[in-house]
Every structure is written in C-alpha cells, then in structure tokens.
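The numbers here are math on the coordinates, done by the rules we state, and not lab data. Only a predicted model underlies this, so the values are computations on that prediction, with no experimental measurement involved. Positions of Cβ are generated from backbone atoms using ideal geometry, with glycine treated the same way; all protein chains shown enter the neighbour counts.
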Amino acid sequence: MRRLLVIFGVLALAAPAAGVAGKSDPADGTLSLRGGHGTFTISARGGVIGSFVRGKVIITDPVDGDGTGPIVSGDEWHKDRSDTTTVYGGTKVRFRLIGGAFRIRVIGTGVNLSVVGRGQVTLNGAGTGDDGSYSVDGSPYADVPDLSQFTLSAASP
C-alpha cells in the first residue's frame, strides 16, 4: 500500500510539469544568452529560464494562470509595479516562467537566459566590448551587439 501511495504521489507531481512541457510548437524559436552585460528584453509566449550576477529583472505576466507564473529565487528585494508586473533585484538572482505569455526585461551583468517560444527580442549590450554572447535557433554563438531587435520563431535570423 505504501509503495502504491509513493507511485501515485510521484505521478501527481510529474503530471503538471509534463503537461506544460508538452505544449511545444514546431514554430517555436530558441535563444541562448550567456554572460550578458546590458539590457535584454523578451516579449513572448513560451518559457524562459534565467539568472544574473547583479542587476534587476522586470517581469510582466499579463495572463494569470496561463503558465507557472514567475518563480524567482535569490532576490534581495522586489517591488510590485502593478497586479501583473514585479521588479526583482540583487545578486545571484534566478528566475523562470514556463508556459504562457510573458515580458521580461533584465538589466544587469552576468546575465544568462534560455528562451523557447515565439515573440520579440531586444538585445542591448552595454557597449563594453565584452557584453556576452548569444545564439538563436542553435546557430553558433556571436557577440552581443550594442542593439539588435528580432522576432523569435523557428525562422529566426
């Protein structure tokens, strides 16, 4: 009986994650950013996992219940701007939103992002000459430019 309860418990925990993860679309694009320094904005539908060494992230989750909502750890402070937007800041902050629509703006150093979905991306390096690197749809990594805007989808540049 105990073994059966453990099995059902594990299945109950795995089912929601599998449901969200299973909603990928062949039209989704991918973005990987590592060691970024500057301002990085993603307005998309899909999922994002990120972190930064120092800075802040402004997260807007416009539709309550269409995904996990923001999950943030390591923040030293946060401030609600509205019912749908919160700013988190500090050092060694980690965050994620899986499923649904979101808008994030990360301003900081040591920014790492992994994004899967469809939407708009703006990369705005700080102009230091070492603003990190990024890859779109599995392409080779390139230096983060001073300013680049593009649409994230399977046909991304």
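Where does the charge balance sit around residue 125 when Lys and Arg score +1, Asp and Glu -1, over other residues with C-beta under 12 Å from its C-beta?
It works out to a net charge of -4.
What does the charge count around residue 143 come to, taking other residues whose C-beta lies under 11 Å from its C-beta (Lys +1, Arg +1, Asp -1, Glu -1)?
Taking every Cβ under 11 Å from that of residue 143, the sum is -3.
What does the net charge come to around residue 60 if you take all other residues with beta carbon closer than 14 Å to its beta carbon, with K and R at +1 and D and E at -1?
Residues near residue 60 contribute +1 overall.
Taking neighbour Cβ counts within 10 Å as the exposure measure, how do 49, 42 sort from fewest upward?
49, 42
Return P(r) of region 66-145 (all Cα-Cα pairs; 10 Å bins starting at 0; whole %; ordered from short to long distances).
Percent of Cα pairs in each bin: 14, 44, 36, 7.
Taking a spot 7 Å from the Cα of residue 92 along the direction of its beta carbon, which residues of region 34-58 have an amide N less than 17 Å from it?
Zone members listed by number: 50-56.
Run the numbers for residue 27 and residue 118: contour at 0.36 nm per residue of separation, minus the present Cα-Cα distance, in nm.
32.0 nm
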